[in-house]
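Each reported figure results from applying straightforward, stated rules to the coordinates on display, with no laboratory input. Because the structure is a prediction, the values reported are computed rather than measured. Note: ideal-geometry Cβ built from the backbone for every residue, glycine included; neighbour counts use all protein chains shown.
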Amino acid sequence: MLKIENLAVSVGDRPILHDVNLEIKAGQVHVLFGPNGTGKSTLIGAIMGFPRYRITSGKIWFKGIDVTEAPVYERARAGIGVMIQRPPTVRGLTVRQMVGICSRQQADADLLAAKLNMTDFLERNVNEGFSGGEIKRSELLQLTAQKPDLLMLDEPESGVDIENIALVGEAANRILLRGQTDGQEGSMRKQRTERTKSGLIITHTGHILQYVPADVAHVMYKGTLSCSGNAQEMLQCIQHKGYEECIRCAI
Amino acid sequence: MKKQDILKEKAKVAIDKKAVYGADIDLDSYLEHGKEDAPVPDLTALPANQRKQLETIGLDTSGTGRAGTYMQMDHSVSHCDVAADGVEIMSTDAALECHDWLTDYWWRAVAPDADKYTARAALHQEHGYFIRALPGRKIAEPVQACLYIGQEGLIQDVHNMIIVEEGAELHVITGCATDPNVKKGAHIGISEFYVKKGGKLTFTMIHRWGEEISVRPRTGVVVEEDGLFISNYVCMQKVKDIQMYPSTRLTAPGAVARINSILVAPPGSHMDVGGKVILESPGTKAEIVARTISTGGVIINRGHLVGSAPESKAHLECHGLLLSPGGVIHAVPELEARTDNAELSHEAAVGKIAPEEIEYLMARGLDEEEAVATIVRGFLNVNIEGIPASLAREIDRAVSEFTVNKGA
């Protein structure tokens, strides 16, 4: 699905990422741990193609196509979807209109909003006066409509109260076509073997992993991916020993 | 001396008086006498290009969904019909003949000697519309009025009046335009609106002038006790030079004014558009909201709130987007409290579109041009309350025409 080779990224004149290599196969969900300011959001931004993240070397392949130079909207149309941490307010554009944009006017906004408890927000301006949790739900509503093949979430649990975190997790699972969200228990096995949707999730706390199981975890440290492994083991290691120790033992 | 003569004498003194704002227009450079245009009993019989032009300023040529129509072409009343009970529509000179009392309102909200434009209209007036909602009558559908210049080089001087009697409710949509073939011309429009006790007037005006047209509207509004005046002004096409500064007086408790403007100035346009609201009585409220965009033209957006009575409350909001390095947006918000208990506030911001907003929409699949157009349409989408759906649609339609490449 996604393959990154020797990627280096600068913001302005400041190098942030170097030597990043990552492969996310179809159907896999990867999780990205790492301390603040180490470049996790930069990696997601560079994959999406936001211009402020300047790729200085390396390649990004999506579905076998080199998208390193592709503009943001081409990546979006090819199937990359992102939830950034602090999306801007767009004055005069309603959530309903945004759902229309995301789905190319194909989605039933009322139906999707009901599942995310967002019905009352459909006529509001996107992100205007939204709380942290409301922003996440609004973003997931948009992404549900967008149906990306690679879902990237930057700290989906930040600012979300405990009550709503399950809602956020379920929504992410729905987009990833995971879990038993649609009551098709009989076809679980089929679901697992035919999974095509991939994910890349940044998390500090790991809370989201209780709802969205990850296949592979990585630790981003000082601008590069320092180690990879089992998500739960790695999270426990980080929680008990801290990032530095965790990286050492992995090396 | 008769009232009318006194007004004319005042006007004569001011015939060369320059206006406070705006370039000084040489009124002698325009044709003073228009050819007589024949009445048009059926507006749908007009040529297709004229009909199309009229539709873009909100005039339904079939009259469907309208409580009546007034249309003036050049110096002639082309069409006038009333399609609802409780409303009067005619030219102002016809109205002065059939209502003796109308002289009590004539030139009361606008002074004939304010500047050379008001003076000219007082001395050279060629019709204008008179629309009146009778006491207690709530006119559900909007009345439409249109002032049209069809003759090259002509100056048009009109004097309009709207009277909403006690407890009445009236919606007016007026469109001003030039024929697609007309390049040069001038329009002077005096408008006096009176909203009586408990009355409600929504006034929506869409302008679509030719590229070499100079426009000088002069508007005065008087709102009485518990009256409501909502004004929506939309001008999104190139106009050489427009300057207007309508003044609204809230004269008694409970009077409310909401004044919204949507301006888009393409290269070569000069728009000096603003408004003043004077809160003369306790318990009055006002709101002025402007959204301005320059794609290369000049916009001067003035707003002035005068709180002269205690417990008055008003807010002014002007937001401007500069989409071209060649454009100018000059916001001039003014707050003037004349009592220690007036609550006046303003919010002004002028700048470019935040790149984060464009990128956000691009990450949802829009290309850059679509993203910019979407943001601009949202920016222009002032949420206007209290107007009928048909008027909201006209405004939406005008706004949705915006594309970046065309500039408007």
Item to check | Proximal lysine pairs, region A:1-127, alpha carbons under 27 Å, eight or more residues apart or interchain | outcome: 9
Item to check | the protein assembly as shown, Cα convex hull volume normalised per residue, Å³ | outcome: 191 Å³
Checklist entry - Cα centroids of region B:323-385 and region B:1-60: how far apart, whole angstrom? => result 33 Å
Next on the checklist: What lysines does B:Lys52 reach when the alpha-carbon gap must be under 21 Å and sequence neighbours fewer than 8 apart in one chain are set aside?
Outcome noted: B:Lys183, B:Lys184, B:Lys238, B:Lys406
Item to check | Calculated from backbone phi, Karplus (6.51, -1.76, 1.60) coupling profile of region B:38-45 in Hz, x at Gly/Pro | outcome: 6, x, 10, x, 10, 5, 6, 8
Item to check | Inter-probe distance in nm under a simple model that places probes 7 Å from Cα toward Cβ, at A:Ile55 and B:Glu356 | outcome: 2.4 nm
Checklist outcome for this item: re chain B: pairs of Cα atoms spaced beyond 39 Å account for a percent value of 13 percent
Checklist entry - Counting only residues 5 or more places away or on other chains, whose amide H sits under 5 Å from the amide H of B:Ser191 once H atoms are built in the peptide plane? => result B:Asn160, B:Arg218, B:Thr219, B:Gly220
Next on the checklist: Between B:His330, B:His75, B:His304, where does the largest GNM mean-square fluctuation fall for chain B, given springs only between Cα atoms within less than 10 Å?
Outcome noted: B:His330
Next on the checklist: So if I take the centroid of the Cα atoms in region A:69-128 and the same for region B:214-267, what is the distance between those two points in Å?
Outcome noted: 35 Å
Checklist entry - Simple spin-label model, 7 Å along Cα-to-Cβ: B:Thr64 to B:Lys8 in nm? => result 4.6 nm
Checklist entry - If you rank B:Val289, A:Val29, B:Val264, A:Val11 by fewest surrounding Cβ atoms within 10 Å, what's the result? => result A:Val11, B:Val289, A:Val29, B:Val264
Checklist outcome for this item: Any residue on another chain or 5+ positions along whose placed amide H is under 5 Å from the amide H of B:His79 is listed here as B:Val40, B:Met71
Checklist outcome for this item: Exposure-ranked with fewest Cβ neighbours within 10 Å first, B:His159, B:His124 stand as B:His124, B:His159
Checklist entry - So who's got an amide H within less than 5 Å of the one on A:Cys227, skipping anything under 5 residues away but keeping other chains? H placed 1.01 Å off N, in plane. => result A:Val219
Checklist entry - Across peptide A:83-95, what mean number of C-beta atoms from other chains lies inside 10 Å of a residue's C-beta? => result 5
Next on the checklist: List the lysines whose Cα sits under 29 Å from the Cα of B:Lys197, skipping any in the same chain fewer than 8 residues away.
Outcome noted: B:Lys3, B:Lys138, B:Lys276, B:Lys285, B:Lys313
Checklist entry - Per-residue HN-Hα couplings for region B:6-16, Karplus 6.51 cos²θ - 1.76 cosθ + 1.60 at θ = phi - 60°, whole Hz, x for Gly and Pro? => result 4, 4, 5, 4, 4, 5, 4, 5, 9, 5, 10
Checklist outcome for this item: When A:Tyr243, B:Tyr233, B:Tyr70 are arranged by how many other beta-carbons sit within 10 Å of their Cβ, fewest first, they go A:Tyr243, B:Tyr233, B:Tyr70
Next on the checklist: Need the full-extension length gain, B:Arg51 to B:Asp104, defined as separation in residues times 0.36 nm minus the C-alpha distance. One decimal, nm.
Outcome noted: 15.4 nm
Checklist entry - How large is ³J(HN,Hα) for each residue in region B:316-328, as worked out from phi by the Karplus curve 6.51 cos²θ - 1.76 cosθ + 1.60 (θ = phi - 60°), to whole Hz, x for Gly and Pro? => result 10, 9, 10, 10, x, 10, 9, 9, 9, x, x, x, 9
Checklist entry - Across the residues of B:364-373, average count of Cβ atoms on other protein chains within 10 Å? => result 5
Checklist outcome for this item: Expected unfolding gain across A:Val11-A:Asp120 under the 0.36 nm per residue rule, minus the alpha-carbon gap, is 35.5 nm
Checklist outcome for this item: All alpha-carbon distances of chain A, grouped into 10 Å bins from 0, give the whole-percent distribution 7, 31, 37, 21, 4, 0
